[in-house]
Amino acid sequence: MKTARAEGFLGMYRGAAVNLTLVTPEKAIKLAANDFFRQLLMEDGMQRNLKMEMLAGCGAGMCQVVVTCPMEMLKIQLQDAGRLAAPHQSSTSAPSSSRSYTTGSASTHKRPSATLIAWELLRTQGLAGLYKGLGATLLRDIPFSIIYFPMFANLNNLGVHELTGKASFAHSFMSGCIAGSLAAVAVTPLDVLKTRIQTLKKGLGEDVYSGIIDCARKLWIQEGPSAFMKGAGCRALVIAPLFGIAQGIYFIGIGEHILKYFE
């Protein structure tokens, strides 16, 4: 409600362009890498072997960060810009009693773009600037994939038809939703740490973190253990349909049908 009131309805879609551009290669790498490692570790890739499925998920999580880290880096700056710009916009009106929108400075009121942020990071910090928080991203995405892929594979296998050898779209969709939401909630503490570390613009009174351990320590001391689960519900609501749709389409073979037209 605060975001919509301060920035309008479109403020809810900050960072959408970055998602639209990079989420496709990110999911392509994630799904393809998992299948590759499954084939490599489990012969035909169809055997049920939990340890190998988890190892394949680990490989997929490691591969995807090539795209995920810069995507998250840019998305977080764009989504956070409104929070920091709010004090400037409201400086001519009466002070607000809400402390959620009382940080930042007048210098942050200009709305940035992903291109400008990327260029500034590359100019000042080089390629490492886009990969700030790489360790935290790996720490989130590897456990997520270790939980998600084996859970999805086993849930999806329950709905496989004997004749077609595939589950229906509805079953794959629900399997992706369930596995995605549970995995998302499980790694929420790691996502909170990653987001705090990758947030470049700090408001008044906000901490600067030297690393993952420093971030976790300060978060625990200043906000308590409940802070590590902030946004868990939102993550589940986002990740569930995202992976449900992605896995459903992936498993019914739409990609294979499209590729046939180019052969």
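The values are calculated or read from the model by the stated rules, or taken from the named source; none is laboratory data. Remember, it's a predicted structure, so these values are computed and weren't measured experimentally. Glycine also receives a Cβ, built like all others from the backbone with ideal geometry; neighbour counts cover every protein chain displayed. Surface areas here come from the heavy atoms of the whole protein model, side chains and all, with no ligands, DNA or RNA. Shrake-Rupley method; radii C 1.70, N 1.55, O 1.52, S 1.80 Å.
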* Quick one: dipole size for the chain, taken about the Cα centre, charges +1 on Lys/Arg Cβ and -1 on Asp/Glu Cβ, in debye to the nearest 20. => 920
* How would Ser226, Ser145 rank on accessible area, largest to smallest, probe 1.4 Å? -> Ser226, Ser145
* Asked: For the chain, which longest stretch is free of loop sites, where a loop site is one of the trypsin sites (Lys or Arg not before Pro) that DSSP puts outside H, G, I, E and B and that has at most 13 other Cβ atoms within 10 Å?
  -> 111-263
* To do: Starting from the Cα of Tyr13, step 7 Å along the direction of its Cβ; do the same at Phe262; then give the gap between the two resulting points in nm.
  => 2.8
* To do: Enter the angle in degrees (range 0 to 90, nearest 10) between the Cα long axis of helix 212-223 and the first principal axis of the Cα atoms of the chain, meaning the one along which they spread out most.
  => 60
* Structure fact -> Carbon and sulfur atoms account, in whole percent of the 1.4 Å probe accessible area of region 112-235, for 69
* Where the Cα pairs of region 132-260 fall when distances are cut into 5 Å bins, in % -> 2, 11, 16, 18, 15, 11, 9, 7, 5, 3, 2, 0, 0
* Show which lysines lie in cross-link reach of Lys51 when reach means a straight Cα distance below 28 angstrom and same-chain residues fewer than eight apart are skipped. => Lys27, Lys30, Lys166, Lys194
* Projected label distance in nm at Leu40 and Ser113, using a 7 Å step from Cα toward the beta-carbon -> 3.9
* **Cβ-derived FRET efficiency at R0 41 Å, Leu200 paired with Ser226, nearest 0.05** => 0.95
* Around Glu26, what is the net charge, scoring Lys/Arg as +1 and Asp/Glu as -1 over all other residues with Cβ under 12 Å from its Cβ? -> +1
* To do: Using a 1.4 Å probe and counting only protein heavy atoms, arrange His161, His171 so the residue with the most accessible area comes first.
  => His161, His171
* Asked: Of the labelled options (1) 15.1; (2) 13.2; (3) 16.8, which one gives mean projected area of the Cα convex hull in nm² as computed for this structure?
  -> (3)
* Just report the Cα centroid separation between region 207-242 and region 169-199, whole Å. => 13
* Asked: Relative to the first principal axis of the alpha-carbon coordinates of the chain, what is the inclination of helix 169-186, with its axis defined by its Cα atoms, in degrees from 0 to 90 and to the nearest 10?
  -> 50
* Pairwise label distance in nanometres, Leu158 with Ala4, each label 7 Å out on the Cα-Cβ vector -> 3.5
* To do: Working with all protein chains in place, sort Tyr148, Tyr261, Tyr209 by solvent-accessible area computed with a 1.4 Å probe, largest first.
  => Tyr261, Tyr209, Tyr148
* Asked: How far is helix 114-125 tilted off the main Cα axis of the chain, in degrees rounded to 10, range 0 to 90?
  -> 80
* Structure fact -> Nearest-0.05 FRET efficiency for Asn49 and Val208 at R0 = 51 Å, using Cβ-Cβ distance, is 0.70
* Structure fact -> Helix-only [θ] at 222 nm, the chain, -39500 (n - 2.57) per DSSP H run of 4+, per residue, nearest 500, equals -23000 deg cm²/dmol
